[in-house]
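Remarks on the structure that follows.
The values are calculated or read from the model by the stated rules, or taken from the named source; none is laboratory data. The structure displayed is predicted, hence computed values, not measured ones. Backbone-built Cβ (ideal geometry, glycine too); neighbour counts: all protein chains shown.
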Amino acid sequence: MFRFENIQNKKILKSDLIKNAHAFFTTRDLFLLSKEEKQPQAVEENRKVICDYFNIPLENLITPEQTHSCNIDIAQKGKSYPNTDGLILTDPNLAIFLNFADCTPLIFYDEKQNIGAVSHAGWRGTEQKIGVLTIEKLVNDFNSKLEDIKILIGPAICKNCYNVQDDVFKKLKNTVKDFATLYEIKNNQIFVDLKNINKQQFIEIGIPSENIDVCNFCTCCDNDLFFSYRNENKTAKRHNAVLKLL
């Protein structure tokens, strides 16, 4: 179950599913990336809020350069991450965040191994199964077991708001065996459910459904809380998925 909390009076969204790590989604109150020229000071201040909360230096807060790829890397201090849409976190001295404004944020955590990851799943990432690839990397490289991995699917554009063309629909449909409830046709337009397509991908590889918490908030419907690329004329601001190990 998701609930709102505050960091220095700035609203964040957390889930009860992950208890032994810092795992949450920021809101418009606490955006950690903006490409608008007038925003660098606000971004810097918000990143400092996060670092103060975690008691880490700013250089230990890591984010990649996202490109809608399916590339996944390991977070390390002082390293850059071009063309990367998933980061795995093994070091409790670091924190990671990725950036979103309609795409689906995915946070993974394995309490037994005390490792986690954050991935960015827009339709391209979902079509390339970046979430599944992240899980496979946790299993193959870090000895995680499917039954131990907890997954948060954060605020993203909902099925009622996300209409796609036929080519995208076909690509997404091919990513799961059971697609029946994951789309709807209204007024000759196709609408798809990105959040639950990702959930279905996870279930079909063996993640227990009770290990997945899907956020009900939509970035378009709840645009007062989150940024929406579609609803805000290609906004340059991003809310975030944040992870730090204890």
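Worth a mention:
- In region 22-43, the residues that are among the charged types (D, E, K, R) and modelled with pLDDT under 95: LYS35, GLU36, GLU37, LYS38
- Within region 175-188, the set of residues being out of contact with any helix residue (DSSP H, G or I) (no Cβ under 8 Å at 6 or more places or on another chain) and either on the phi < 0 side of the Ramachandran plot or not in a loop (DSSP other than H, G, I, E, B) (or both) comprises ALA180, GLU184, ILE185, LYS186.
- Those residues of region 171-200 which are closer than 14 Å to GLY122 by Cα and under 17 Å from the mean Cα position of the chain (by Cα), in sequence order: ASP193, LEU194, LYS195, ASN196, ILE197, ASN198, LYS199
Quick grid of which residues meet (1) touching a residue at least 24 places away in the same chain (Cβ under 8 Å); (2) within 26 Å of GLU44 (Cβ to Cβ); (3) surrounded by fewer than 19 Cβ atoms within 10 Å (Cβ to Cβ); (4) among the hydroxyl-bearing types (Ser, Thr, Tyr):
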position	(1), (2), (3), (4)
PRO208	yes, no, yes, no
CYS218	yes, no, no, no
ASP224	yes, yes, yes, no
ARG230	yes, no, yes, no
LYS244	yes, yes, no, no
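- Scan region 13-29 for residues that are in contact with a strand residue (DSSP E or B) (Cβ under 6 Å, 6 or more places away or on another chain) and touching a residue at least 24 places away in the same chain (Cβ under 8 Å) and the total you get is 11.
- Region 139-171: number of residues that are under 16 Å from GLY116 (Cβ atoms), basic (Lys, Arg) and part of a loop (DSSP other than H, G, I, E, B): 1
- Test: residue in region 213-221 that is in contact with a helix residue (DSSP H, G or I) (Cβ under 8 Å, 6 or more places away or on another chain), outside any helix (DSSP H, G or I) and within 18 Å of ALA101 (Cβ to Cβ): yes
- Counted residues, region 8-39 - those being part of a strand (DSSP E or B) and within 24 Å of CYS220 (Cα to Cα): 12
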